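Below is one structure; the comments refer to it alone.
We did not get these values from a lab; they are worked out from the coordinates using the rules stated. Quantities reported herein were computed from a predicted structural model and do not represent experimental measurements. Reconstructed Cβ throughout: ideal geometry from the backbone, glycine too, with neighbour counts over all protein chains shown.
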């Protein structure tokens, strides 16, 4: 194996992990405290606010959804990225590393922007903050998908540090300043994360990546592993889109809408995948990815009264668009635009995310009191305080504006961070050594065992 | 590889997916609406009904169980069917496809029979409908188990279309007309689904299936994949049997009973598996399947006061019966009755389902006010309105009648649908091409990579 | 393959499974009943106690956490033990068997010690008992980790029978007599379980185990399977540490603390793993195990006001200690202390468990009314009834005493049970046949298919 570049990360990776983790401890010590629902003073708080039962602690509204989201982040994204034949360790392992760092940094960044208590300048955290931290990290994991197999873990840590930072800012602009709604993050998470990753991948373009082409594919069992990721994302997506939705009908409706959109996009994905191949044979890449497009596209409008059949239509279209993306856009982008997108995040996150933002804007603009009820309309769009007099048409405009903010942050942020990641100090692999776990992992059986046991390969072969 | 039959599904599969999905959209547009707990008018509804908290929304009673059931349907059933050495894509992939279609069709069919609002002829859906749709689809996935590897995805879609239809009718007869109880679906789901699938498999009998015998087995890692399915089914079965049980003690008791029955059937499965082989070696097929028999057999009586030791006895017996089925009945049925049952659903679903129905009938007939309490008896069996005066003995009789309805629907429905699936238009594989993903999937490494990279097979071999 | 010892378990395993399961049924019949929240009399109980809603049934507080814990026990522990190249069946399969037996025996043992109703001498069970049974079994699964691949399933059943028994006694001493707090079981579960298993492994020392060295390692895909176990343990650990914590802020805070400690230990694990190898290459063994140390070490203090940054510090240190353990202590213990620890439970459970006990003692001793509030302090430490006047310093002392009890029970109990397991009647494998599924399982493709299909191995090879 050629090792043209220095991929030694024995200093840089431990240094980054240690220093940043110590920084987290210090910053948490200065800024982060329990909120009133996770503090031992909760019992006094309950009495003061006349809360009759412990169940009214937000924990019981959101914890089941939180755990589902948590599974999506670590098993869903992680195993979806195990599909490459020799990069399964890197797929699930680096996903684990950067998510574990990112959630800490996200608690701080999102806390400073959204939850800073002005009395004592502390961030008070509870279960909703944990969910939002997971959400924030999802955008960086999406970005990782474009770079899978081509970057070092140190680069991924940098990508996550800046990604979380950018996320917190754009989220603040979209949700607080523009007062757009985006419960499942079509814009804030998916659109931003995808354009962030794609732009980084564009800056890091590798002209000779074809030298690693023999590893840029799956083997039979790696495709089955990836289906674990796909299915846990698919099954728990209703929890993703409802996790921070309004208590009561808000969460309930978000689940129904997402469930339906996802089911619909499975059928159109299978249809387009089959029609595109000789003999109608299905392509695992499509099934693993485009089936999820309905969940992405339902992220913004999941709380709205989009109607059950409206959700089916959203899933129908996004499944088609996403599968076509894998068939035509990914090769085109690689050849013409010089964007190498390992997991096809443009098809799974960028396009369905944009669809989701547009659907959200349209659905908001066409909301009415006759459908929502007077109180329902106010509750759903939070037309209170500063925006008490906003009309649904104006809300639709702000939703659309939010979409552009997400895209702009992705493009500009990705260009900046891509530039940083281009520095020759991060230990990334040579073009001929991409998609290979052997670069960053002690891969057990190849080097060591082969020399130790002459007959060993024959042995596993028979016993696989 | 011989390709005696035309397995080209490039027209038929996309056509079925597109047309049926569009039909779903139209029918949802006409019939399906949010129910009052998932509609923005929930806040007005709360006030009107004097509901003090958002937590009383049924969502918070049932959503955690729903997500567990959802995992059982897609990962549980899907991965249980990955055990074949070269049919893992088809096992988990087609399971995904037909479940995604089936849940939509089930929302309509079950809605028309159970939830049609007579004021506006709309079906109002909430989280309980989503659970019931997942339940309904489970019966078709069970039926798929008998046909695994021998049918085309188009046939599976047809099997699901009719299976869901038949399910909705028999469920209506059993639960509404006979007023039988079946919270976990021993009769309605497992018995029906198994006989439906077995009868289809009998109609589609393949005399020369031994030509595919070299693929009708597992490899080491495919057996480990299947254990993912087994365990997620096993772990979440308490949620399955309690998901639509009564709020409060009903759900609580269903969980305890199912937890115990499952634990018990694990021990008897290991015992029978070990005693049946030289040196007491265990057979993975038994462990993957018969350990679940306790959950199936506890489906009907899970809500009843069957007592904890009663649950253990049910699990004890069903584990034994199921394992004996794999040892003796499956080979017998294949040779003598011409029923080829790939996954052994007769052992896992048919027999334990029938046991569950019988146990339910006996437990109901022996219920008493001294054990249940006066109110408890009424609540558990819903002795209200039209059946306010029903005695427990009569209830036991109706339970038994329900079991026969489930079997009859399975046999007659399976014969009819089997006849339809025998038409030579569905693209099913030849007897020599069964259990082979290569027929319906682009299997990555075999054809393409072998030609491109002469050394590639040697490479993965060393690196597996 | 040499078969020096008699590993035939065709009589012993079925006998143990049958006899013990029948004993369970009898003992359950005599002792176990539904508690008032899972009994049909719940509706009368509600009225009597003036409970306004079904949601106040403990089921709704704890069921989501219970299911997460259940997944940890069966998929988490089970798949973590699939990492060996030829012992995946034994890893996940025997874990399944002994957990299914152990939870039944635990319901009885824990019931007799903690939940025996003095009026009728019955044990009344509900969802909290199910969680505690899962917890109890976890200690035996930890002990299994030290013996993985070296013992027969019959030995594991014996290990579990005595392990659960010892657990119930030490738990009673620590939680009831000493009134120590240990919500997530750093002491009661992890410390006890680890020393129990290590002592057994020490008694069963195999001087010629190097004869099986060629199987004591992983292959590529078995390492990916093990990551399924790792991640489900990691993701659901917040549920583990909060499952039986106090309603309201107790559960809420335990989740936050555990979430943070786990995130922190991921980063230090990656750091130490990288710094210890040439080129900074990561070792999958570390990533699979030491990343979990934060969860173990947060078991005792998870309910306390340890502060978010305190949790990060605990995770930081335990990740380092655990990874160093894998690097230096495991080889040292094997060579010098004659303790063969297949999974490295000393590093993942023993040391982090002890850390957790110490952290718990310190945190308790430094608790104060100014931080906890007067009521909060009483609620958190249950300073009521017999211990109403206990100070936090004394509580800290009792916490430390609890840690010693856990260690002592592990060491003494392990020595006794190890002695029993040394008897030459249990069918354990010879030193040259360890880590080999072929001893206790019908491994499909090796013996049978090779003879039947001469070309078969070549076939799977191309298609893997």
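Values for this structure:
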| quantity | calculated |
| --- | --- |
| Whether segment A:128-207 is rounded, prolate or oblate, judged on the alpha carbon gyration tensor where a/c under 1.5 counts as rounded | prolate |
| Calculated over segment B:42-104: convex hull of Cα atoms, volume per residue (Å³) | 79 Å³ |
| Computed E for residue A:375/residue C:210 - FRET, C-beta separation, R0 51 angstrom, nearest 0.05 | 0.10 |
| Across the identical copies, how the residue C:408 labels are spaced - nm, sorted shortest first, 7 Å along Cα→Cβ | 6.9, 6.9 |
| All-pairs Cα distance distribution in segment B:96-136, expressed in whole percent, bin size 5 Å | 6, 26, 32, 19, 11, 5, 1, 0 |
| Three-way shape call for segment B:1-123 based on the alpha-carbon gyration tensor, with the a/c threshold at 1.5 | oblate |
| Gyration tensor (Cα) of segment C:71-117, equivalent ellipsoid semi-axes in angstrom | 29, 9, 6 |
| Within 10 Å of each Cβ in C:78-91, the average number of Cβ atoms from other chains | 3 |
| Whether segment B:151-198 is rounded, prolate or oblate, judged on the alpha carbon gyration tensor where a/c under 1.5 counts as rounded | prolate |
| Degrees, to the nearest 10: B:220-242 long Cα axis against longest axis of chain B | 10 degrees |
| Nearest-first distances (nm) between copies at residue C:116, label 7 Å from Cα via Cβ | 6.0, 6.0 |
| Simple label model, 7 Å out from Cα along Cβ direction - residue C:6 to residue C:382, nm | 4.9 nm |
| Dmax and Rg, reported as Rg then Dmax, of segment C:212-281 (C-alpha, Å) | 16.7, 51 |
| Compactness of the protein assembly as shown, expressed as Rg and Dmax over alpha-carbon positions, Å | 29.1, 85 |
| For the C-to-B rotation axis, chain C residue with nearest beta carbon and its distance in angstrom | C:64, 3 |
| Zero-based 5 Å bins, Cα pair distances in segment A:288-345, whole percents | 4, 19, 25, 17, 14, 10, 7, 4, 0 |
| 7 Å along Cα→Cβ, label-point gaps from residue C:394 to other copies, nm, shortest first | 6.5, 6.5 |
| Calculated FRET value between residue A:336 and residue B:336, using beta carbons and R₀ = 45 Å, to 0.05 | 0.10 |
| Label-point separation in nm, residue A:423 to residue C:277, each point 7 Å along Cα→Cβ | 2.6 nm |
| Ellipsoid equivalent to segment A:180-324 - semi-axes via the Cα gyration tensor, in Å | 29, 19, 13 |
| FRET efficiency, residue B:404 to residue C:416 (Cβ-Cβ, R0 56 Å, nearest 0.05) | 0.50 |
| Cα-based equivalent ellipsoid, segment C:64-439: semi-axes from gyration tensor eigenvalues, Å | 32, 24, 17 |
| Average beta carbon contacts from partner chains per residue of C:209-222, 10 Å cutoff | 5 |
| Rounded to 10°, Cα long-axis angle of helix C:58-71 versus longest principal axis of chain C | 20 degrees |
| With Cα atoms, 0 to 90° folded angle of helix A:308-324 axis to chain A main axis | 20 degrees |
| Segment A:249-316 - convex hull of the alpha-carbon atoms, volume per residue in Å³ | 62 Å³ |
| Calculated over segment A:66-208: convex hull of Cα atoms, volume per residue (Å³) | 105 Å³ |
